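Notes for the one structure printed next.
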Amino acid sequence: RQMCIRDSIEDELTNSDDTFGWVDYEIQPWTLNATGTQKCPGVAISIRVWVEPTPKVTATPALDTVCNGETTDILLSTVTSSTNGVEFTYSSTPSDGTIGGNNSGTLTPGQSIEDQLTNSDDTFGWVDYEIQPWTLSATGTQKCPGVAISVRVWVEPTPKVTATPALDTVCNGEITDILLTTVTSSTNGVEFTYSSTPSDGTIGGNTDGTLSPGQSIEDELTNSDDTFGWVDYEIQPWTLSATGTQKCPGGTISVRVWVEPTPKVTATPALDTVCNGCLLYTSDAADE
């Protein structure tokens, strides 16, 4: 009587390391005697089963902030050593519809997520990346999943600045009062740098500096001439980094402040004597 014997080795193998390992199985066939005990040995065979580690992924940086239109640079690496290599799949989710440029894809160790992210709003937003590591099969397909990690990239808006008033006139020696404000909401705040250029050497007192929203440009402008002049202020808004340094620039605006001269008057003649009852003329008209 012909018999077909089929059974399986079912071991739940584990690997607690970051490097692949294996288990060698030595399999010995036997015929059985009438009582069911092993009687005649056959030729043993060996089977090796490779045991992959659970793949891991590291993203550098794990948290980042980019400017509107700037490209991410999230380097993906791994400590996992697999028999056929490791790769990563990633997906991305923006905070809302004003954030764009995010993608999904597949990368290998040493490659980076490079998305040119945009923000069309005046308020910061973000993109959340979900990154999944995989070991590969001998044919290069994804086989063993690892633990996914998340990376959040904050996307700053392009900062704006408003100067009030945008055009002004001051007297000689008077102090400007140009209030700087913004509609921009940034992750770490906004500040402004300003520079100034006088119309000529007779205009003075103008300065350059850095201010925060709600502060004002307060320069005591002077005019040593008899003709009006002006100072042009160029104001640049910036979003700030986590350390308080200037990070993302916005569009500059210009403010012109006219500086009046100190007015003068001339009386001709400056000293005179008249008779009782005579008319006093302050012009060169002839006596009638």
Residue-span extension gain [Lys143 to Glu260] - 0.36 nm each, minus C-alpha spacing:
34.2 nm
Packing-based ranking, highest mean first, of 179-190, 194-205 given that Cβ atoms within 10 Å are counted:
179-190, 194-205
State, as an integer percentage, the relative contact order of the chain based on alpha-carbon contacts under 8 Å between residues 6 or more apart.
13 percent
Extension gain from Ala242 to Glu220, taking 0.36 nm per residue of separation minus the Cα-Cα distance:
4.5 nm
Taking 138-151, 28-41 and ranking on average Cβ neighbours within 10 Å, highest first, one gets 138-151, 28-41
Subtract the Cα-Cα distance of Asp272 and Gln116 from 0.36 nm times their separation in residues, and report this length gain in nm to one decimal.
48.0 nm
Placing each pseudo-label 7 Å from Cα in the direction of the beta carbon, Asp177 and Ser91 end up separated by a distance in nanometres of 5.7 nm
Taking 25 °C and 0.890 mPa s as the conditions, I'd like the Stokes-Einstein D for the range 3-83 in µm²/s, using the Kirkwood hydrodynamic radius from alpha carbon pairs.
137 µm²/s
Enter the mean projected area of the convex hull around the alpha-carbon atoms of the range 1-50, in nm², rounded to one decimal.
4.9 nm²
Surface/4 estimate of mean projected area, convex hull on alpha-carbon atoms of the range 70-192, nm²:
10.5 nm²
Tell me the carbon and sulfur percent of the accessible area for the range 12-102, rounded to whole percent, probe radius 1.4 Å.
53 percent
Restricting to Cα pairs under 8 Å and 6 or more apart, the percent relative contact order of the range 42-179 works out to 27 percent
Sort the following peptides by mean Cβ neighbour count (other Cβ atoms within 10 Å, averaged over residues), highest first: 243-251, 266-274.
243-251, 266-274
Taking each pair of different alpha-carbon atoms in the range 21-127 once, compute 1/r for the pair, average those values, and report the inverse of that mean as the Kirkwood hydrodynamic radius in Å to one decimal.
18.4 Å
About its Cα centre, what dipole magnitude does the chain give when the only charges are +1 on Lys and Arg Cβ and -1 on Asp and Glu Cβ, stated in debye to the nearest 20?
2500 debye
Calculated P(r) of the range 187-281 - Cα pairs past 16 Å, %
67 percent
Per residue solvent-accessible surface (Å²) - the chain, probe of 1.4 Å
61 Å²
Correct choice for percent of Cα pairs over 23 Å apart that was computed from the model, options (i) 50; (ii) 73; (iii) 64:
(ii)
Per 5 Å bin from zero, what fraction in whole % of the C-alpha pairs of the range 115-177 is there, up to the bin with the longest pair?
4, 12, 12, 10, 8, 9, 8, 8, 7, 5, 3, 3, 3, 3, 2, 2, 0
Report, largest value first, the span of the C-alpha coordinates of the range 82-134 along each principal axis, in whole Å.
49, 14, 13
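The values are calculated or read from the model by the stated rules, or taken from the named source; none is laboratory data. Remember, it's a predicted structure, so these values are computed and weren't measured experimentally. Cβ coordinates were reconstructed from backbone atoms using ideal geometry, including for glycine residues, and neighbour counts include every protein chain displayed. These area figures cover heavy atoms from the full protein model, side chains too; ligands, DNA and RNA do not enter into them. Shrake-Rupley method; radii C 1.70, N 1.55, O 1.52, S 1.80 Å.
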